[in-house]
Amino acid sequence: MPQALEIIKKQIGEDEWDEPYYVNMGPQHPATHGVLRLFLELDGEYITHCDPIIGYLHRGIEKLGETFTYSQNIVLTDRLDYIASAANNVGYCLAVEKLMGLEVPRRAQILRVIVCEMARIASHLLWLATHALDIGAMTVFLYCFRDREWLLNIYEEICGARLTHTYPCIGGVRLDFTPHIIEELYKFTEEFPNRIPEYETLIDVNRIWLKRTKGVGVISGEKAVNLGLTGPSLRGSGVRYDLRKTVPYLIYDELDFEMAVEYEGDVYARYRVRMKEMRESNKIIRQCLDKLAECEGEPVIAENAPGLFMPFDKPKRPQAAPHPKKVYLIKGVEVPVVPEGDVYVATEVPKGELGFYLVSDGAGHPWRMRIRAPSFVHISAIPDLCKGQMVADIIAVIGSIDIVLGECDR
Amino acid sequence: MGLIKTVFLTEIMKGLSLTLRKLFAKPVTIQYPEVKKEPAPGFRGRHALVRDPKTGKDRCVGCYRCAQVCPSRCIFIETERDPNTRKRIVTRYDIDALRCVYCAFCVEVCPVNALVLTEFYEYSGYSRDELYFTKEKLLQNWDEFIVTQKRPYFNPFWKPRGVPEKMLPGPKRKAEGI
């Protein structure tokens with residue numbers, strides 16, 4: 001064998017022998033969760049450098065947002081993180097409501113929290129399914145999808161869609177729950193805590209799973225903060241930062257739940273955080289359902305909500321109008337156009353901190369809509385996370401930070 | 001991991017026993033082409049124009065609200081005035097289903113509930129023309145859909161649950177099933 005090596009060395013030259021080896025991983029690799037391309041520089045099996053290349057799913061959502069009215073933009077936010085689209089809708093609606101100074105009715109707030117937490121469970125289930133499948137655990141994939149299907153069926157009853165919900169609207173939500181949905185959700189919250197131990201039986205102490213995840217992709221809390229990681233990826237490194245707790249929005253300050261934190265900072269810790277979060281989300285849904293019974297029959301949309309119709313342009317002669325800008329959007333209800341100004345609202349979506357920065361010039365459409373997508377920030381952390389790791393560990397690292405390319409490329 | 005656990009593969013045995021138990025559980029898979037999933041009421045599927053049982057025609061009044069609110073701009077309407085009665089006649093009502101994003105904004109804003117996203121979901125086609133619905137096709141969609149439904153049929157977006165009545169236009173407040 002050494003003889004053969006000598007011959008090869010002679011053929012390709014002594015200098016090239018020590019040169020790094022370059023590999024393109026993706027954009028069509030099934031383990032890159034979409035269309036992420038990683039340009040890897042390898043030294044044998046070890047990664048010396050990694051370059052994420054993005055933009056394969058760019059649809060210009062931020063620019064499109066400037067050509068749509070505020071209400072129509074809700075449809076665009078569905079397509080950001082399409083695994084948990086209700087959470088994106090809520091984040092966007094909160095930003096517009098803050099800009100307009102709208103007060104959302106209590107019942108609508110509770111309904112929003114419920115769909116947000118359902119989205120969190122649905123997202124984490126899909127994450128666990130694909131992450132486990134990447135590492136090699138096929139059975140978990142099937143079990144997770146079985147439970148996600150249940151949630152999607154409930155979503156279908158709530159708003160008529162399974163993936164792109166468009167459920168909240170500016171000033172509230174579009175439809176109230178039916179008694180059947182509440183019944184079904186009670187059933188789900190009772191059954192789901194029994195389902196989580198099933199996944200844990202399969203992978204929690206499984207030696208293959210432990211070997212693939214423990215001590216892989218380690219990141220310290222300080223570095224995670226510096227890289228801008230948020231959500232479970234940050235909490236896996238022991239940083240206590242959850243927007244639902246630190247900057248409570250909606251009715252999160254009234255709810256009793258714990259922040260899931262682990263301290264190791266490796267792939268396994270991030271997995272534990274998400275498993276814990278699913279349990280906490282289940283608890284939140286349960287509490288919200290109880291709260292829902294207290295405000296039975298209340299409206300789910302603010303009375304001064306702009307409705308789906310918003311004027312696209314500014315009023316033509318604002319200086320000539322004797323009154324402040326007013327348009328009649330719904331018969332008999334006077335609604336001001338969105339005032340000038342800018343606003344940044346961040347919400348805790350399953351992937352991390354999703355922020356919407358809206359700049360308004362007084363017209364019915366945003367002058368600028370900037371989206372701070374957690375996946376985009378998380379992808380920038382991949383080079384640091386997988387430096388010095390083996391090629392096979394990249395799969396675990398990409399899976400553990402939970403990226404969705406629809407949100408990253410926008 | 002202790003020595004006994006390492007040697008006897010306890011955790012793997014536990015996992016295997018779980019999958020073995022699941023072998024005898026009721027399957028969750030739906031054998032799709034043979035068994036069809038019943039969509040929930042209000043599922044946003046194929047478009048249809050409601051055929052009014054009284055007049056036998058569509059209800060559209062040509063107010064252009066659906067076309068205006070549509071985020072993907074896939075509704076095309078043309079109207080003209082009747083020279084004698086000065087009433088608006090809808091001469092063209094087209095929906096390009098391939099551009100539609102199924103948000104049901106159009107159904108929600110329609111003041112006379114002329115439009116509906118039916119619960120029918122099996123309508124793939126071999127060409128683009130098949131999925132470009134003209135007014136006749138939309139009415140035909142409704143006829144095909146309504147025979148499969150329990151009467152009276154009522155779409156949740158015709159009168160959204162929990163929305164105060166005074167926020168709805170008049171005909172929507174009085175909306176009834178067909």
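The values are calculated or read from the model by the stated rules, or taken from the named source; none is laboratory data. Keep in mind that what you see is a predicted model, and the values were worked out from it rather than measured. As a convention, Cβ positions derive from the backbone with ideal geometry for all residues, glycine included, and neighbour counts pool all protein chains shown. These area figures cover heavy atoms from the full protein model, side chains too; ligands, DNA and RNA do not enter into them. Shrake-Rupley method; radii C 1.70, N 1.55, O 1.52, S 1.80 Å.
How many of the residues making up the range A:245-268 are assigned to a helix (DSSP H, G or I) and over 19 Å from A:LEU125 (Cβ atoms)? Steps first, please.
From the range A:245-268, those assigned to a helix (DSSP H, G or I) are A:245-246, A:252-254, A:267-268; that's our starting set.
Keeping just the survivors that are over 19 Å from A:LEU125 (Cβ atoms) gives A:245-246, A:252-254.
So the count comes out to 5.
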Item to complete: Collect the residues in the range A:204-238 that are away from chain B (no Cβ under 14 Å), closer than 17 Å to A:ASP134 by Cβ and of a type in the set (A, V, I, L, M, F, W, C), keeping them in residue-number order.
Response: A:VAL216
Worksheet item: Say we look at the range B:82-97 and pick out the residues that are among the basic types (Lys, Arg) and within 31 Å of the chain's Cα centre (by Cα); which of these is modelled with the highest pLDDT?
Response: B:ARG92
Worksheet entry | Residue tally, condition touching a Phe, Trp or Tyr at 6+ places or on another chain (Cβ under 6 Å) and open to solvent by 30 Å² or more (accessible area, probe 1.4 Å), over the range B:33-58 | 1
Practice prompt. Find the residue count for the range B:71-81, including only residues that are outside any strand (DSSP E or B) and either surrounded by 19 or more Cβ atoms within 10 Å (Cβ to Cβ) or over 19 Å from the mean Cα position of the chain (by Cα) (or both).
Written response: 2
Fill in: Filter result for A:LEU111 (closer than 30 Å to A:ALA392 by Cα, assigned to a helix (DSSP H, G or I) and either at the interface with chain B (Cβ under 9 Å from one of its Cβ atoms) or open to solvent by 10 Å² or more (accessible area, probe 1.4 Å) (or both))
no
Worksheet entry | Qualifying positions in the range B:130-178 - within 14 Å of another protein chain (Cβ to nearest Cβ), part of a helix (DSSP H, G or I) and surrounded by 14 or more Cβ atoms within 10 Å (Cβ to Cβ) | B:PRO156, B:PHE157, B:TRP158, B:MET167, B:PRO171, B:LYS172
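Could you list, in sequence order, all residues of the range A:37-73 that are among the aromatic types (Phe, Trp, Tyr) and farther than 14 Å from A:CYS386 by Cα? Give the steps one after another, and end with the answer.
Filtering the range A:37-73 down to residues among the aromatic types (Phe, Trp, Tyr) leaves A:39, A:46, A:56, A:68, A:70.
A:TYR56, A:PHE68, A:TYR70, listed by residue number.
Give the residues of the range A:178-202 that are within 8 Å of another protein chain (Cβ to nearest Cβ) and surrounded by 22 or more Cβ atoms within 10 Å (Cβ to Cβ), sorted by residue number. Before you say what the answer is, go through the steps one by one.
Pass one, the range A:178-202, residues within 8 Å of another protein chain (Cβ to nearest Cβ): A:178, A:198, A:201-202.
Hit for the range A:178-202 is A:LEU202, nothing else.
Going by the structure shown, is A:GLU103 surrounded by fewer than 24 Cβ atoms within 10 Å (Cβ to Cβ) and free of Cβ contacts under 8 Å to residues at least 60 places away in the same chain? First the steps, then the outcome.
Details: surrounded by fewer than 24 Cβ atoms within 10 Å (Cβ to Cβ): yes; free of Cβ contacts under 8 Å to residues at least 60 places away in the same chain: no.
Spelling it out, it is not the case that A:GLU103 is surrounded by fewer than 24 Cβ atoms within 10 Å (Cβ to Cβ) and free of Cβ contacts under 8 Å to residues at least 60 places away in the same chain.
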Practice prompt. Filter the range B:40-65 down to residues that are within 11 Å of another protein chain (Cβ to nearest Cβ) and among the small types (Gly, Ala, Ser) and give me whichever is farthest from B:ALA114 (Cα to Cα).
Written response: B:ALA40
Discussion item. For the structure I just gave you, tell me whether A:ILE47 is modelled with pLDDT of 85 or more, closer than 30 Å to A:GLY171 by Cβ and not small (Gly, Ala, Ser).
Written reply: no
Fill in: Odd one out for B:GLN68 among (1) within 11 Å of chain A (Cβ to nearest Cβ); (2) open to solvent by less than 100 Å² (accessible area, probe 1.4 Å); (3) in a helix (DSSP H, G or I)
(2)
Practice prompt. Go through the residues of the range A:293-306 one by one and say whether even a single one is out of contact with any strand residue (DSSP E or B) (no Cβ under 8 Å at 6 or more places or on another chain), part of a helix (DSSP H, G or I) and modelled with pLDDT under 90.
Written response: yes
Discussion item. Given the criteria touching a residue at least 24 places away in the same chain (Cβ under 8 Å) and either part of a strand (DSSP E or B) or surrounded by fewer than 20 Cβ atoms within 10 Å (Cβ to Cβ) (or both), does B:ARG86 qualify?
Written reply: no
Worksheet item: Residues in the range A:59-74 that are within 11 Å of chain B (Cβ to nearest Cβ), in a helix (DSSP H, G or I) and out of contact with any Ser or Thr (no Cβ under 9 Å at 6 or more places or on another chain): how many?
Response: 3
Practice prompt. Select, from A:LEU64, A:LEU80, the only residue that is farther than 30 Å from B:ILE12 by Cα, of a type in the set (A, V, I, L, M, F, W, C) and surrounded by fewer than 24 Cβ atoms within 10 Å (Cβ to Cβ).
Written response: A:LEU64
Worksheet item: Of the residues that make up the range A:366-373, is at least one under 22 Å from the mean Cα position of the chain (by Cα), surrounded by fewer than 16 Cβ atoms within 10 Å (Cβ to Cβ) and within 30 Å of A:ILE135 (Cα to Cα)?
Response: no
Discussion item. Need the failing condition index for B:GLN149 against (1) within 27 Å of A:PHE177 (Cβ to Cβ); (2) modelled with pLDDT under 85; (3) over 15 Å from the mean Cα position of the chain (by Cα), just the number.
Written reply: (3)
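Return the residue satisfying two criteria in turn: it lies in the range A:114-131 and is under 11 Å from A:GLY399 (Cβ atoms) and surrounded by 24 or more Cβ atoms within 10 Å (Cβ to Cβ), and of such residues it is farthest from the chain's Cα centre (by Cα).
A:HIS131
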Fill in: Selection within the range A:156-168 - buried (at least 20 other Cβ atoms within 10 Å of the Cβ) and more than 9 Å from chain B (Cβ to nearest Cβ)
A:HIS165, A:TYR167, A:PRO168
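Looking only at the range B:114-129, filter to residues that are touching a strand residue (DSSP E or B) at 6+ places or on another chain (Cβ under 9 Å) and within 14 Å of chain A (Cβ to nearest Cβ); which one of those is surrounded by the fewest Cβ atoms within 10 Å (Cβ to Cβ)?
Of the residues in the range B:114-129, the ones touching a strand residue (DSSP E or B) at 6+ places or on another chain (Cβ under 9 Å) are B:114-118, B:120, B:128.
Checking which are within 14 Å of chain A (Cβ to nearest Cβ) leaves us with B:115-118, B:120.
Values: B:LEU115: 28, B:VAL116: 28, B:LEU117: 22, B:THR118: 23, B:PHE120: 18.
Filtering the range B:114-129 for residues that are touching a strand residue (DSSP E or B) at 6+ places or on another chain (Cβ under 9 Å) and within 14 Å of chain A (Cβ to nearest Cβ), the one surrounded by the fewest Cβ atoms within 10 Å (Cβ to Cβ) comes out as B:PHE120.
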Worksheet entry | Looking only at the range B:42-81, and only at residues there that are at pLDDT 85 or above and among the aromatic types (Phe, Trp, Tyr), the one that is farthest from A:ARG162 (Cα to Cα) | B:PHE76
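Do we have A:VAL90 as within 14 Å of another protein chain (Cβ to nearest Cβ), outside any loop (DSSP other than H, G, I, E, B) and open to solvent by less than 30 Å² (accessible area, probe 1.4 Å) here?
On the way: within 14 Å of another protein chain (Cβ to nearest Cβ): no; outside any loop (DSSP other than H, G, I, E, B): yes; open to solvent by less than 30 Å² (accessible area, probe 1.4 Å): yes.
It is false that A:VAL90 is within 14 Å of another protein chain (Cβ to nearest Cβ), outside any loop (DSSP other than H, G, I, E, B) and open to solvent by less than 30 Å² (accessible area, probe 1.4 Å).
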